[in-house]
Structures are given as C-alpha cells and as structure tokens.
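Asks: Here it is, the structure in full.
The values are calculated or read from the model by the stated rules, or taken from the named source; none is laboratory data. Nothing here was measured: the structure is a model prediction, and the numbers come from that model. Here Cβ is always computed from backbone atoms with ideal geometry, including for glycine, and neighbour counts include all displayed protein chains. When the accessible area is computed, the model is the full protein with side chains, heavy atoms only, and any ligands, DNA or RNA have been set aside. Shrake-Rupley method; radii C 1.70, N 1.55, O 1.52, S 1.80 Å.
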Amino acid sequence: MSDLEALATASHAQIGACEALAALEELRVQLLGKKGLLTLRLQGVGRLPVAERRDAGAAINAVKQRLEQA
C-alpha cells in the first residue's frame, strides 16, 4: 500500500470517528487546507520527473475527491 493510500485509509477512519462538526472541520483543514497534507503533495508534483507528474497528480486528486465526498 502506498503512503498516499495509507493516508486516505487513515483519513477515512478519522472522518468516521469525528463526533463533532468542529472536529470534522479541523480534519478537513489538516488535509485539504492551504497547508494541508494533500495540498502540499499537489504542490510537490512539480518537483517530480515529467513522466511521473500526470500519474501522481491524478492519484492525489482522486484521493482528495474521495475525502471531500466522505
């Protein structure tokens, strides 16, 4: 399992464990905010070799969309 998938799995578990809206919002900021984990990964795509950028960006965006829908 890649670390991106591990992050997605752990994040889904954390979302399920949130009992208050404030906790859910805090988690959203940690993952998707301006300095969130997924945002930083998307920013790092530009530093990857050209051949890897498309796949990496697509994988990160897929995880981001799944978390936004959760």
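Asks: Run down Ala20, Ala70 and say which single residue is open to solvent by 50 Å² or more (accessible area, probe 1.4 Å) and either of a type in the set (D, E, K, R) or free of Cβ contacts under 8 Å to residues at least 40 places away in the same chain (or both).
Replies: After ruling out the rest, the residue left standing is Ala20.
Asks: Is one or more of the residues making up segment 56-66 within 15 Å of Leu4 (Cα to Cα), among the charged types (D, E, K, R) and either open to solvent by less than 60 Å² (accessible area, probe 1.4 Å) or in contact (Cβ under 8 Å) with a residue 24 or more places away in the chain (or both)?
Replies: yes
Asks: A follow-up question, please. Select from segment 29-45 the residues that are out of contact with any Leu (no Cβ under 8 Å at 6 or more places or on another chain) and either open to solvent by 50 Å² or more (accessible area, probe 1.4 Å) or among the hydroxyl-bearing types (Ser, Thr, Tyr) (or both) and list them in ascending order.
Replies: Val29, Lys34, Lys35, Leu40, Leu42, Gln43
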